[in-house]
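Only one structure is covered here, and it is reproduced in the block below.
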Amino acid sequence: MVTQRLTVLLNVEDVATSIDFYAQALGFGLVDSWRYEGRIAWAKLAIGSIELMLNEHGENSPARRINRQGHGDVVLYFDVDDLDSLWAALEQDGLHPGVIRKEDYGTRQFALVDLDGYEIAVTGI
């Protein structure tokens, strides 16, 4: 058996808002979604061959989102072809990317945190 694909599922407070974040920040497009009681409760996003699923875990509360610690045990790494341009676009859009740093292992990268506290490491040249 050879594994062909990995798709990450993130449990989020508000799927629709998270769709907008991942579209704005990284260019993901909506592939499929499922509605429950009039709101999007699950969605699959993609950019190229990369897929990401978002699932509403309940307790939808912007106040709870603001007060919650991040998911320190999960880091999503995205490698891009123009790190500086993406950083500038994110900064201009008010998404507050971290400082671009050259890591000890030679990779240039910056950190970004999504609306639910998931850490995103963006790497590139």
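The values are calculated or read from the model by the stated rules, or taken from the named source; none is laboratory data. All of these numbers come straight from a predicted model, not from anything done at the bench. Glycine gets a Cβ as well: all are built from the backbone with ideal geometry, and neighbour counts include every protein chain shown.
I'm trying to understand the selection: among the residues of the stretch 106-120, which are surrounded by fewer than 19 Cβ atoms within 10 Å (Cβ to Cβ) and modelled with pLDDT under 95?
Residues satisfying the conditions are GLY106, THR107, VAL113, LEU115, GLY117, GLU119.
Any idea which residue in the stretch 91-105 is surrounded by the most Cβ atoms within 10 Å (Cβ to Cβ), counting only those that are outside any loop (DSSP other than H, G, I, E, B) and within 18 Å of the chain's Cα centre (by Cα)?
GLU91
Residue by residue through the stretch 1-25, note down the ones that are aliphatic (A, V, I, L, M) and out of contact with any helix residue (DSSP H, G or I) (no Cβ under 8 Å at 6 or more places or on another chain).
Those that are aliphatic (A, V, I, L, M) and out of contact with any helix residue (DSSP H, G or I) (no Cβ under 8 Å at 6 or more places or on another chain): MET1, VAL2, LEU6, VAL8, LEU9, VAL15, ALA16, ILE19, ALA23.
Looking only at the stretch 94-114, count how many residues are out of contact with any strand residue (DSSP E or B) (no Cβ under 7 Å at 6 or more places or on another chain) and either closer than 25 Å to LEU9 by Cα or assigned by TED's automatic domain parsing to the domain that holds ILE50 (or both).
The qualifying residues number 1.
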